[in-house]
Amino acid sequence: MRASVNRPPTPDVGDTQEKQPTLEEIINIKFIESGEKERLMELLRERLIECGWKDEMKALCRAFVKKKGRNNVTVDDLVHLITPKGRASIPDSIKAELLQRIRTFLVSAAL
Amino acid sequence: MSGFNEDNMGSHAQLSSQFFGDLLDSIIVDVASECHRIARLGLDRNLEEEEEELRLSAQARVRVADPSNSGEANSKYVVDIFGQTHPPVANEIFDCMNCGRSIMAGRFAPHLEKCMGKGRKARLKVTRSSTAVQNRYSQGSPVSTYSPYSNSTSTSRLSNGTSSGAGEEYSNGTFQEP
């Protein structure tokens with residue numbers, strides 16, 4: 001049979017089949033759909049403001065901006081600046097609280 | 001079952017940590033974005049004020065160190081507190097209310113001297129006008145068309161200064177003592 005010259009080949013069924021979503025993705029979807037992710041995010045934000053973590057990060061940013069000049073700073077710069085220090089300076093109590101809530105949710109979602 | 005539970009717990013812990021890490025990353029990006037916005041928009045007043053003060057103090061230091069700016073010696077080019085310089089001669093131009101000419105402000109006083117007072121020509125100009133004050137210095141005639149170049153002798157003009165009467169009339173050429 002003569003195939004049309006201009007028509008692109010129809011993709012095989014195998015190519016269009018989606019891969020199985022990973023466990024991670026499933027959990028993420030469950031968290032988002034139930035609204036738990038939003039609640040956890042707000043909780044974490046509130047705790048980090050209360051304990052002064054956010055102010056510490058802002059002070060780091062301000063110092064960096066002052067040194068580099070306020071028009072020479074990118075979001076990327078600041079993210080790379082804050083990430084290591086931010087992750088390391090999370091108070092243990094806050095981390096424990098959040099992990100507890102996440103685990104509870106995972107159990108309740110029967111994962 | 002317990003093995004299954006342990007596995008579950010293990011993977012739960014790992015998943016939880018992972019998920020917690022995601023939450024934290026999102027919050028970090030938010031904070032960075034907020035700080036970036038504040039920096040670029042110049043909303044951080046303290047930062048700006050410090051920059052401004054640094055710049056002003058550097059400027060002031062330069063000005064103090066520069067010897068050509070000191071004191072009254074160079075007052076022609078000195079800068080006042082508003083940053084304005086004034087030229088040594090006032091150069092605004094306006095019209096003289098006496099003779100109607102365009103005069104430069106810095107030259108107005110010398111011009112007035114010539115225009116109103118001390119010169120021979122000035123005095124002639126003045127006597128031609130009809131104001132009461134100036135009539136005292138003329139030969140007493142109230143007529144506006146009075147001509148100073150009358151046929152009377154020059155001595156009568158000299159006596160004008162000493163005459164006390166305001167409206168004394170003089171006939172042609174005769175000279176009367178008060």
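Values in this text are rule-based calculations from the coordinates and carry no lab data. Since we're looking at a predicted model, the values are computed, not measured. Cβ placement follows ideal geometry from the backbone for every residue including glycine, while neighbour counts extend to all protein chains displayed.
Give the average, rounded to an integer, of partner chain Cβ atoms located within 10 angstrom of each Cβ in B:16-22. Present the calculation step by step, with values, prior to reporting the outcome.
Working: counts 10, 3, 4, 12, 9, 1, 5.
Neighbouring Cβ atoms belonging to other protein chains average 6 per residue here.
Per DSSP helix of 4 or more residues, -39500 (n - 2.57); summed, then divided by the residues of chain A. What does that give at 222 nm, rounded to the nearest 500? Working shown, then result.
On the way: 6 runs with 78 residues, N = 111.
My calculation for chain A gives -22500 deg cm²/dmol from helical runs alone.
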Enclosed volume per residue, in Å³, of the convex hull spanned by Cα atoms of region B:82-121: 75
XL table A:Lys30/A:Lys54; A:Lys30/A:Lys95; A:Lys19/A:Lys85; A:Lys58/A:Lys95; A:Lys37/A:Lys58; A:Lys30/A:Lys85; Cα-Cα > 32 Å flagged, in table order, is A:Lys19/A:Lys85
Per-selection Rg to Rh, region A:35-108 - Cα, Kirkwood hydrodynamic radius: 1.09
Mean separation of Cα pairs under 8 Å and 6+ residues apart, divided by the residue count of chain A: what relative contact order is that in percent? 29
Please compute the modelled spin-label separation between A:Leu43 and B:Arg40, points set 7 Å along Cα→Cβ, answer in nm with one decimal. 3.4
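How big, in percent, is the set of alpha carbon pairs in region B:8-65 lying more than 16 Å apart? Show your work: numbers first, answer last.
Details: 1105 of 1653 pairs.
Of the Cα pairs, 67 percent sit more than 16 Å apart.
Report the calculated FRET efficiency for B:Ala13 and A:Ala59 (r = Cβ-Cβ distance, R0 = 41 Å), to the nearest 0.05. Walk me through the numbers before you get to the answer.
Values: r = 33 Å, r/R0 = 0.80.
Calculated transfer efficiency: 0.80.
Give the calculated FRET efficiency between B:His111 and B:Ala60 to the nearest 0.05, with a Förster radius of 41 Å applied to their Cβ-Cβ distance.
Numbers: r = 42 Å, r/R0 = 1.04.
So the FRET efficiency works out to roughly 0.45.
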What does the average come to when, for each residue of peptide A:28-38, you count the partner chain Cβ atoms lying within 10 Å of its Cβ? 1
Please arrange A:Lys58, A:Lys67, A:Lys37 by how many other C-beta atoms lie within 10 Å of their C-beta, fewest to most. A:Lys67, A:Lys58, A:Lys37
Virtual spin-label span in nm between A:Gln100 and A:Ile29, 7 Å along Cα→Cβ: 3.1
